[in-house]
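To start, the structure under review is shown below, and the notes come after it.
Where a number appears in this text, it was derived from the coordinates with a stated rule and is not lab data. Just so it is clear, the model here is predicted, and its values are computed rather than measured. Cβ placement follows ideal geometry from the backbone for every residue including glycine, while neighbour counts extend to all protein chains displayed.
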Amino acid sequence: MADRSPTFRIEPLSDSHDRTAFACGIPALDRYLREQVSQDIRRRVANCFVAVEIATGAVAGYYTLAATGVALADLAPSLVKKLPRYPVIPAALLGRLAVSQDFKGQGLGTALMADAIRRVARGDLAVFALFVDAKDEAARAFYERHGFERLPGDTRRLCLPIATALKIIEAE
């Protein structure tokens, strides 16, 4: 039996991508892609990458990356012992991640997250970890299944050291 799953490419968002039909089921994420992301890119506060279905050119999902920092005091003691004693550690923020309802259940969210990890790891800037702010319990469970851990005392922010993330995606 032939595999009929869509094939995607992940690339930086450009003006050629039609974002008008994108609907992930979370209005704030849909609105961000349609109305705000271009401004964030122009202002250099975030980059956006889209998964495009090769056969149709449809935007099937997206994620954003931005630079951030995390106070050493906010990290788990098991991570702190491996780090220099700088007050703030450089990190990347996976700000938004969404998959169109038309493409849910195909592993695209995981593929987008893996792409984000690879981009951060091969970047020219030194980054210790990838952080996310989970919007809800389902998002938090998704990230925890992929190795992210909650910061002590924080119910929404999760962390995955890049070295650990690379080991996880190499094993998969």
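Details
- Residue, nearest to residue 119 (Cα to Cα), within segment 140-167, restricted to residues that are surrounded by 14 or more Cβ atoms within 10 Å (Cβ to Cβ) and out of contact with any strand residue (DSSP E or B) (no Cβ under 8 Å at 6 or more places or on another chain): 166
- Members of segment 115-150 found to be of a type in the set (Val, Ile, Thr) and either assigned to a helix (DSSP H, G or I) or more than 19 Å from residue 169 (Cα to Cα) (or both), listed by number: 117, 120
- Being of a type in the set (A, V, I, L, M) and free of Cβ contacts under 8 Å to residues at least 12 places away in the same chain is true of residue 80.
- Which numbered condition residue 38 fails, given (1) without any contact (Cβ under 8 Å) to a residue 40 or more places away in the chain; (2) surrounded by 12 or more Cβ atoms within 10 Å (Cβ to Cβ); (3) under 25 Å from residue 160 (Cβ atoms); (4) under 20 Å from the mean Cα position of the chain (by Cα): (3)
- Taking every residue in segment 93-108 that is closer than 15 Å to residue 63 by Cβ and pairing it with any residue that is polar (S, T, N, Q), at least 6 positions away or on another chain, the pairs with Cβ-Cβ distances below 6 Å are 93/68; 95/64; 96/64.
- Residue check: residue 53 meets all listed conditions (1) crowded, with 18+ Cβ neighbours inside 10 Å; (2) within 18 Å of the chain's Cα centre (by Cα) but one, namely (2).
- Residue within segment 22-32 that is surrounded by fewer than 19 Cβ atoms within 10 Å (Cβ to Cβ), touching a residue at least 24 places away in the same chain (Cβ under 8 Å), β-branched (Val, Ile, Thr) and closer than 30 Å to residue 87 by Cα present: no
- In segment 122-139, the residues that are more than 14 Å from residue 68 (Cβ to Cβ) and either surrounded by 14 or more Cβ atoms within 10 Å (Cβ to Cβ) or of a type in the set (S, T, N, Q) (or both): 134, 135, 139
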